[in-house]
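Asks: Provided herewith is a single structure, encoded as structure tokens, for subsequent inquiry.
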Amino acid sequence: MSEVNVTKVIVNNPICDILDPFVFTIEFEALNKLEADLEWKIFYISAVNNEGESNQDIELDNIFLGPIERGVMMFDYAVNPPDYKNMDIDSVLGLQAILISANYKEKEFIRIAYYMNSFYKDMELRENPPVVPQYDKICRHIFVENPRIVKFSIGWDSEEKDEFKEFDKEIEKIELLNCTQIKDENENNSNITNQSTQGNFVLSNNDPNNNNNNNNNPSITSSMIFNSNIVNNNFNQNNFLKNNELSSDLDKCEIFNANINGISRITIDNKNS
């Protein structure tokens, strides 16, 4: 599951002069706060030439965006076109492509590409292109209706340092402590020596001659052990939440299941931070 989802890309100038910059508005959602910045890159991809060689990718620009907090962010990204004078005319006119790449810790997690067509505005120049290109008379059309989107699975912060795993470890410690207490109490339920427990759970016996222990009433003994275990369990969990400054109010928490290694995760949204 990706920690960052690109939710919207707007091409602000789909039809313009070829010398104008590329201008994009990008919106994305971060599911959690990230340790590092996001890196965004823009590539100009020229068409395959007549010899069938591979496309020529020209990196126009790259930026680092951060810090990234949990929530939705939007930014404008404007980059200048490539230096057409240093390119073959076949890499300028005709079908080309522009590509947006998003990376985290040098790993690409999504790329969004658009086909575009560059042509002379004047019909006569279009039919009889000059030997020396007239770039000021060429326009480009980006086909925004059909983007090509590819997503990649990468390792995020959760695989390196996951505070929710620490939360799970504390829960496991509490459960282990409770299991140990239940085992000890079951082994010694015939001779309960905890005076505070005996004070809270008094057995009524009207026969003054009856000095038997609690073994004569095992159902009440089981109830005592169960109830004291609930008290210990609630105390340990509440104490853990308090020590870790985590809210116990579920209205302030967003609970969702993430299909990451089969582990259910709890995300706590601290709006005051």
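Asks: Condition test on V202, is it more than 27 Å from A78 (Cβ to Cβ), in the same structural domain as K85 (by TED's automatic domain parsing) and either at pLDDT below 90 or among the β-branched types (V, I, T) (or both)? Steps first, answer last, please.
Replies: Numbers: more than 27 Å from A78 (Cβ to Cβ): yes; in the same structural domain as K85 (by TED's automatic domain parsing): no; either at pLDDT below 90 or among the β-branched types (V, I, T) (or both): yes.
Answer is no for this residue.
Asks: Evaluate the following for L60: is it more than 25 Å from the chain's Cα centre (by Cα), under 26 Å from E145 (Cα atoms), assigned to a loop (DSSP other than H, G, I, E, B) and at pLDDT 95 or above? Give the steps one after another, and end with the answer.
Replies: On the way: more than 25 Å from the chain's Cα centre (by Cα): yes; under 26 Å from E145 (Cα atoms): yes; assigned to a loop (DSSP other than H, G, I, E, B): no; at pLDDT 95 or above: yes.
When the stated conditions are applied, L60 does not pass them.
Asks: Quickly run through region 74-102 and pick out the residues that are more than 15 Å from Y120 (Cα to Cα) and touching a helix residue (DSSP H, G or I) at 6+ places or on another chain (Cβ under 9 Å). It would help to see each step written out before you state the result.
Replies: Within region 74-102, the subset more than 15 Å from Y120 (Cα to Cα) is 74-83, 85-88, 97-102.
If the condition is that a residue be more than 15 Å from Y120 (Cα to Cα) and touching a helix residue (DSSP H, G or I) at 6+ places or on another chain (Cβ under 9 Å), then P82, K85 are the ones that fit.
Asks: Out of region 71-122, which residues are touching a residue at least 60 places away in the same chain (Cβ under 8 Å), outside any loop (DSSP other than H, G, I, E, B), β-branched (V, I, T) and farther than 16 Å from E39 by Cα?
Replies: V72, I98
Asks: Just a yes or no: is a residue in region 42-54 free of Cβ contacts under 8 Å to residues at least 40 places away in the same chain, touching a strand residue (DSSP E or B) at 6+ places or on another chain (Cβ under 6 Å) and assigned to a loop (DSSP other than H, G, I, E, B)? Please lay out each step first, then the result.
Replies: Initial filter on region 42-54 (free of Cβ contacts under 8 Å to residues at least 40 places away in the same chain): 48, 51-54.
Filter once more, keeping what is touching a strand residue (DSSP E or B) at 6+ places or on another chain (Cβ under 6 Å): none.
No.
Asks: Looking for something farther than 27 Å from E27 by Cα, more than 17 Å from the chain's Cα centre (by Cα) and hydrophobic (A, V, I, L, M, F, W, C) - is there at least one such residue anywhere in region 103-123?
Replies: yes
The values are calculated or read from the model by the stated rules, or taken from the named source; none is laboratory data. Note that the coordinates shown come from a computational prediction; the quantities given were computed from them, not determined experimentally. Because the Cβ atoms are built from the backbone with ideal geometry, glycine has one as well, and the counts that use them run over all protein chains shown.
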